[in-house]
Each structure stands twice: as C-alpha cells, then as structure tokens.
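To start, the structure itself, in structure tokens.
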Amino acid sequence: MAMRELRYFGDPVLKSPTDPVTTFGASTRALVEDLLDTVAAPGRAGLAAPQIGVGVRAFSYDVAGERGYVLNPEIVETSDEREEIMEGCLSVPELSFPTERAVRATVKGVDLRNEPVTVSGSGLLAQCLQHEVDHLDGLLYLDRLTPQRRKQALRAARSTDWFWSR
C-alpha cells in the first residue's frame, strides 16, 4: 500500500486511547499493509496506528527479523525483571531517554481473520511490544520517565526544529 506520514508529539491522536478493531475487511487490511510498509523504513522497530493518525488498536513491528502486526493487542504478561534502556519514538524524533521496561513481554490479540495471535519477546522486542501498546492506550514513552527526566525531555522537545513545525 503506502508509507504513511507520521504524527508527532503534540498531536491529540497520540494522547487518546484507541478503539478496538471491530471490522476485518478491506479497510483494516489496508491499514495493516500501511503499518507494515511504514515500519519497514530503516531504523524503525514498531509503529502504532495513532502514529499515522488512526485511532484503533493496531500496531506493526519489525525487530531482528521478526516482522508482523497485532490487532486489539493487550499485554498479558511481563517479567518481574526490569531494566532501564534508552528509548526513543518516531513521534518524538531525535530524542531518547532512559526508560524502565520489563525485560520480557507477551502480547495477545488477533490477526486479519480475527484469529488469536500471541507475540512474545525479550530485549528490543519486549520494549517494542510495551511501547506500541502504550501508544494504543494514549501514552508516550515520555509519560513513563521519572519526573526529572520528563522535564528534561519536554525541554529538549521544545528546543527542536520539528516541535512547532510538524
């Protein structure tokens, strides 16, 4: 289909919880193809529907040779072990900050046939799963930062060229 234009920090669609996917026809198939095409660009690991302006529970991922999508995803399991990792976001370009995430995560949802899908991973894939489900819940990784880091991140975002121009 097409690589879609990204939405950036400040766009209300990024802070709004998404609606579940309820139809599994041509429009949903086109959305999934657009998510997969858009995440395929170099340097991208995951992409949630709100990041291309669509307020439904869908995301795509492309991490270390694992590529796919999940509709209506929910995190069903995370490890107790957590680590602080540098995290960035396509909707908050050029910035990254240490963010605490579970080392392992499992997401359950459905595919285009409304059949069950489970995706589990550790490391970068676990981070991606958590990050993308956050987007679907109306959260940015900035919301997970410590208060001091969040203040630094917001200050840094306001000083970028893209902050007001996108």
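The values are calculated or read from the model by the stated rules, or taken from the named source; none is laboratory data. All values derive from a computational prediction rather than experimental measurement. Glycine gets a Cβ as well: all are built from the backbone with ideal geometry, and neighbour counts include every protein chain shown. Surface accessibility is based on the protein's heavy atoms, side chains included, excluding ligands, DNA and RNA. Shrake-Rupley method; radii C 1.70, N 1.55, O 1.52, S 1.80 Å.
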Residue-level accessible surface for R158, protein heavy atoms, 1.4 Å, Å²
130 Å²
Report the label-to-label distance for A2 and R82 in nanometres (one decimal), using points 7 Å from each Cα along the Cα→Cβ vector.
4.1 nm
Can you compute the radius of gyration and Dmax for the range 16-58, using only the Cα atoms, both in Å?
10.6, 31
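Can you work out the accessible area per residue across the range 47-104, with the rest of the protein chains kept in place, probe 1.4 Å, in square angstrom?
On the way: 2540 Å² over 58 residues.
For the range 47-104, the solvent-accessible area averages 44 Å² per residue.
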Heavy-atom accessible surface of the chain: percent carbon and sulfur, 1.4 Å
48 percent
What Kirkwood radius, in Å to one decimal, follows from the Cα pairs of the range 67-166?
14.6 Å
Cα-based Rg of the range 1-139 normalised by 2.2 N^0.38 Å, two decimals:
0.97
